[in-house]
Structures are given as C-alpha cells and as structure tokens.
Amino acid sequence: MRNSSLSDLYLDAWRWEPFFIDMVKQISLFDISPYSIPKDFLYKKAFAGSPKKPVEITTSTWACKFNKIRQIRVACVQGSDSISVMNLVISPLNNYELPFFGADFVTLPNGHLLALDLQPALKMDPIHTNKVWNKLLPLHSKWQQLLPSGGSIPKEAEPYFSPGFLWTRLPLNQESDTIISDVIRPAFREYLNLYIELIKASKAVSDERALKILKGQQLYINYRSKKDPARAMLSRFYGEEWTENYIQKVLFDL
Ligand code: DBV
C-alpha cells in the first residue's frame, strides 16, 4: 500500500504528525485500501527563501479509501520551522447521507490558522444536516469557547460550512503550542470520532437521493478547488502548472 504508509511522508519534524497518527489510528478500524496518487504529487520538493539562506519546502500527499468513503487525503506541507500544514478532507461516497470532514491546520511565519468542520453537501436540507448538527454543536461550544474566534468567513463560503465550524487564529508562541496540544488535538479527535460514528450508522440512500447529494458534493468540491487558499503559496514554490494539476486532479478530484 504505497500511499498509506507513514514512511512515505519523508518529513522531518512535521508539526502535525501527532494529529496525523491519531487520525490513522482512528480510521484503522475500517478496512482501508489504497487510493492512487500520481507519483509527481506524492512528494514534491522546492527551495524558497534567499540564495544565501535557502529553505527546503516539501509537499507530501497521503490518501486512502474505505467502505462508504470515496477518498480521504492529506496534503502535508513542511518548510523549516515556520511553514507547516496539514490539510485533510474526507469525501464520502454520494450514496450515503454524510457530510465532508475537513481540517486545515496551517502554521505560517505570521501565525497559526486552524479550521475544523463537518461540512455539508446540502446545507439547506435538514435531512442532511439535523443528525450531524445535533451532535456537532455541543462539541463546537465545548472547544470554541477555549479559542479566540478566527474572524468572519466570506459570504460565498457560507453554504459549505456548518454551524459547528471550529475556527481560530493564534500567534506563534509557546502558549499557542499548548493550546494546539490541549484544545485543538482533542477537538480534532472528537470531531473525527463523531464522523466515524456517523459513517458507521449511515445506510445507502435511493438513487434519486444519491444524485442530489452528488450535485451538492460537486458544488462543494468545485468551490474548494476554485478558492483554495493555498494556491498562491503552492504556485510560488512549485509553479502554476504543477499547482493547478495538484489542486484540480489530486486534492479536489470529484
Ligand atoms: N488549504 C487547502 C489546502 C491547503 C490549504 C489544500 C495544501 O484547502 C492551506 C494546503 N489554508 C491553507 C493555507 C492558508 C489557508 C487559509 C496555506 C493561508 C493562506 C494565506 O494566508 O495566504 C479554512 N483555510 C484558510 C482560510 C480558511 C481556511 C477560512 C483563510 C482564508 C483566507 O484568509 O483567505 N480550508 C478552509 C476550511 C477548510 C479548509 C474551512 C476545511 C475545514 O480546508
């Protein structure tokens, strides 16, 4: 299983490794199979910084799939101490009444940006959202009150977020490191546990319903790929062509 072994990441001191390991442990109760990622996107390296002080920036991709889940993929970006990203999306098959699972843990020289959500394919549809939100909202209020708000999100992004969107920005310091290990990490574990419970409980829906969910999923994935906030950064490191292919054909490939 070339895509799903930790050693494929080739990363030194990746800040989000404990989160990644938690995630792999949590999903390992499912019967996991490989999800193929083209070689050019499994591991990519570039040098940024100044000629005198070059900084190596690596981007690794890990992916798998399992029963009811079309794709789970993690984009891991690492560059010295000041750039570290774990972007995770779990995309369910469209014949299950399931949201997406999304996590965006971003450390950049100007601070941390931390986002976690169970994101709806059909936000205005209570059949799709009620069961999820009833269980998600208590988790959200428990953890968000321990975090400063991340600020508002663009109006056009609202259809794709749940009211349980956990979202904060933190400065780079030791206090934030403590918040990341004492708040963000258990919150991530609990959000993912809830998601796993929803997967286990979900049953196949009718073909008609599946088509409706598919349309919602396509709008979500198109939005994410069109507005990917990492586009500028990745283009700077790896060029536009590689970045466009990575975003459209690997990260958001529905
Ligand atoms: N975001 C991605 C992918 C990334 C990635 C695939 C490979 O979707 C990283 C990496 N996100 C990334 C980076 C930034 C953000 C910002 C590098 C900083 C961009 C910058 O400051 O230049 C959550 N991520 C953001 C922002 C939001 C999210 C709201 C701020 C956008 C802005 O300020 O313009 N991304 C968004 C979200 C999920 C997500 C809710 C799922 C939970 O993945």
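So the check is Cβ under 6 Å with 6+ separation or different chains; which pairs have a first residue in the stretch 162-176 that's touching a residue at least 60 places away in the same chain (Cβ under 8 Å) and a second one that's surrounded by fewer than 18 Cβ atoms within 10 Å (Cβ to Cβ)?
Short answer, once both residue conditions are applied: Pro171/Gly111; Leu172/Gly111.
Could you list all residues from the stretch 69-126 that are more than 13 Å from the ligand (Cβ to nearest atom), acidic (Asp, Glu) and crowded, with 21+ Cβ neighbours inside 10 Å?
Glu97, the sole residue that qualifies.
Within the stretch 143-188, which residues are at pLDDT below 95 and in contact with a helix residue (DSSP H, G or I) (Cβ under 6 Å, 6 or more places away or on another chain)?
none
Given the options Ala103, Ala75, name the one that is under 14 Å from the mean Cα position of the chain (by Cα) and more than 20 Å from Ser162 (Cβ to Cβ).
Going through Ala103, Ala75 in turn, the sole match is Ala75.
Considering only strands (runs of 3 or more DSSP E) fully contained in the stretch 59-134, which possess at least 1 residues that are at positive phi?
So the answer is 111-119.
Has the stretch 171-178 got any residue that is outside any helix (DSSP H, G or I), within 21 Å of Phe101 (Cβ to Cβ) and more than 15 Å from the ligand (Cβ to nearest atom)?
Checking the stretch 171-178: not a single residue is outside any helix (DSSP H, G or I), within 21 Å of Phe101 (Cβ to Cβ) and more than 15 Å from the ligand (Cβ to nearest atom).
Could we say that Ile90 is over 19 Å from Leu172 (Cα atoms) and β-branched (Val, Ile, Thr) here?
Judged against the criteria, Ile90 is a match.
The values are calculated or read from the model by the stated rules, or taken from the named source; none is laboratory data. These numbers come from a predicted model, not from an experiment. Here Cβ is always computed from backbone atoms with ideal geometry, including for glycine, and neighbour counts include all displayed protein chains.
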